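Below is one structure, written out as structure tokens; the observations come after it.
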Amino acid sequence: MTLVTPLLDKIASPADTRGLSVAELKQLASEVRAETIGAVSVTGGHLGAGLGVVELTVALHHVFETPKDILIWDVGHQAYPHKILTGRRDRIKTLRQGGGLSGFTKRAESEYDPFGAAHAATSISAALGFCAARDAKGETNKVVAVIGDGSMSAGMAYEAMNAATDTTKQLTVILNDNDMSIAPPVGGMSAYLANLVSGGAYRKARKLGKTVVEKLPTPMREAARKAEEYARGMVTGGTFFEELGFHYVGPIDGHDMDALVSVLKNAREFEDKPVLVHVVTQKGKGYAPAEGAADKLHAVVKFDVVTGQQHKAAAGPPSYTKVFAQELVKQAERDSKIVAITAAMPSGTGLDIFQKAFPERTFDVGIAEQHAVTFAAGLAADGMKPFAAIYSTFLQRGYDQVVHDVAIQRLPVRFAMDRAGLVGADGPTHAGTFDIGFMGALPGMILMAAADELELARMVATAVEIDDRPSAFRYPRGEGLGLEMPVGCADPLEIGKGRIVREGTSVAIVSFGTRLSESLKAADLLAARGLPATVCDARFAKPLDIDLLLRLAREHEAIITVEEGAMGGFGAFVLQALAEHGALDRGLKIRTLVLPDIFQDQDKPEVMYAQAGLDAEGIMRGALSALGIDNVSAAGRRA
């Protein structure tokens, strides 16, 4: 038996791949795939996308002179093999951990990450910026943008491609076509790409070509096979991309190292206009459990490498996402006008549950948040009750439409903002930290935050009843508190009214969202110091419960606001309201506890909230500070 000498141990940087033969590159790809599987089995994270681009990653670093040549990955889900090859192998098992590697590309992490990513369809636009800078400086390095077929449902990709030929003559775009984004891709572009490789004309031409090639001598047969990779564009068309001004090459097998290296070398030499290389890959390639999974193991927790069995935590309370979906189904059973919209995240937002119950009333628009919002506005304008379920971090991409197409027209679109607050391992790119401020700034908007799962169900019911203006409610990632839920539909809330959860006399803690449980713990800590605290669940950031706030201001020495959001949110709204009503003129002490004015790196959520001062200890410290009491001194002693 011939022993194969491992190659990956000899790869300190991509430069070490450039002297390898194609056979050695194939071996390296196999080792990188195994390394990726092993790492993610320990850390959890995004698996399927990375496995699908292993050969492409190796070939790109072999052909192009990174980091001199710029390589930009769209989103970054697929960048783990890239990190292994670019000097971060020794830290790969720290992925998505506190103090470890980011789950996405990150400029501060490596010179091989020239542009940070985590949201879809940014790579071509960023690459054009690098091209324009290179051309202006008279440099000659190459620029490569990798983008998935799922990201091609986002309008930003087309905006960039439309501008490409006016910006530069030298750009390589790799279209990674795996027919899978997080959910199966939707829309005309997905169908177009699928037809390229499955259409009758293409298949007939390939069958005829193979019949002829089989009769050729071996050297000519190999040359013909390679030539076919270049000729496919003539058969399949690639017309759409050609009309945008690109040379179109493909489709080629993204797991055929011979073809990849050959095609990429040729693409590198195009100088008259940008080139698009259409690469067909298989998400989850080379790992049987991923290949057999419906989502190709897009995102996983820790798992057993041999079986693929994920180490799921013991069953706990339903997630907030599931509670939202289940309540929406209940409401829709009695109201036929309710429809639901997702932007390529049916399972992430829970709308897969709604879709099973009401397939004709569920719309997945692809990675197109701008379209999702205006589409919802159109539904609302014609009398429907649309719920646009979009992660807080992704709703940022549709904010112009929220302002102009929804708020200005006062259309009753209901925004269900999942992943509000910090999201742990996904880090700052996916944290929902800004929606309180940007949604609360809009005239006429009703803005709610759920303190627990029962409150979330009631806010869904409340949104159903609001038919004269837009509304939004926010809730976090993760499980609820395990509260008993109503069998039927939840009762709606009175608009703009908060609730007192605990009565006290010294300080009032006003919580907006799920920090309510930590606020109650903080009240216990304060009570142990002889400082009984009132705890209030605000429920609404807009409209505020002014009567309740003024009562708290009259009856307490200090008010503490608590929220899972950035500066300029709920606390700012409360300060504005109290100032307008003269409450601050009477010497009221106030502290607004918000997330720190930084982008927090990934860690466990509880660690991140403690760092932010939004756990029970942090809230207690805020209250003591407002009261002028030294945290380490005896209760009642003024600092």
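Please treat every number below as a calculation from the coordinates, not as lab data. Note that the coordinates shown come from a computational prediction; the quantities given were computed from them, not determined experimentally. Please note: Cβ atoms are built from the backbone with ideal geometry, for glycine as well, and neighbour counts cover all protein chains shown.
Sum -39500 (n - 2.57) across every DSSP H segment of at least 4 residues in the chain, then divide by the residue count to get the 222 nm mean residue ellipticity, nearest 500. Don't skip to the end; give the middle numbers.
On the way: 23 runs with 245 residues, N = 639.
Here the helix-only value at 222 nm equals -11500 deg cm²/dmol.
Restriction of the trypsin sites (Lys or Arg not before Pro) in region 253-337 to DSSP coil positions whose beta-carbon has at most 10 other beta-carbons within 10 angstrom yields Lys312. Note on Lys296: lysines with a C-alpha under 17 Å away, same-chain residues under 8 apart excluded, are Lys283, Lys285. Around the Cα centre of region 250-330, unit charges on the Cβ atoms of Lys, Arg, Asp and Glu (plus for the first two, minus for the last two) sum to a dipole of about 480 debye. Spatial offset of region 337-384 relative to region 573-621 amounts to 34 Å, using the alpha carbon center of each. A DSSP coil position with no more than 16 other Cβ atoms inside 10 Å describes the following trypsin sites (Lys or Arg not before Pro) in region 27-97: Lys68. Partner lysines whose Cα lies under 18 Å from the Cα of Lys10, excluding those fewer than 8 positions away in the same chain, are identified as Lys26, Lys83. This ranking places Ser511, Ser336, Ser347, Ser13 by how few other beta-carbon atoms lie within 10 Å of each, fewest first, which gives Ser336, Ser13, Ser347, Ser511.
Remark: the chain carries a charge dipole of roughly 680 debye about the Cα centre, counting +1 on each Lys and Arg Cβ and -1 on each Asp and Glu Cβ. Of the residues Arg515, Arg551, the one with the fewest other Cβ atoms within 10 Å heads the list, and the complete ranking is Arg551, Arg515. Computed over region 320-474, relative contact order equals 23 percent, with contacts defined as Cα pairs under 8 Å that lie 6+ residues apart. If you take the Cα centroid of region 264-308 and the Cα centroid of region 483-544, the two points sit 47 Å apart. Any idea how far the Cα center of region 81-103 sits from the one of region 34-77, in Å? Here the two parts' Cα centres lie 11 Å apart. Taking a ≥ b ≥ c as the square roots of the eigenvalues of the alpha-carbon gyration tensor, region 320-474 is classed rounded because a/c is under 1.5. Taking θ as phi - 60° and the Karplus parameters 6.51, -1.76 and 1.60, the scalar couplings of region 545-552 work out to 7, 4, 4, 5, 4, 5, 5, 4 Hz in sequence order, x denoting glycine and proline.
What percent does the relative contact order of the chain come to when contacts are Cα pairs within less than 8 Å and at least six residues apart? Intermediate results must be reported in sequence, preceding the final value.
Numbers: 1332 pairs, mean separation 68.6, N = 639.
Result for the chain is 11 percent.
Applied to region 306-322, the Karplus parametrisation 6.51 cos²θ - 1.76 cosθ + 1.60 on θ = phi - 60° returns per-residue 3J(HN,Hα) values of 5, 9, x, 5, 7, 7, 6, 5, 4, 4, x, x, x, 6, 4, 4, 5 Hz, with x for Gly and Pro. Computed from the C-beta positions of Asp335 and Lys589, the FRET efficiency with R₀ = 51 Å rounds to 0.65.
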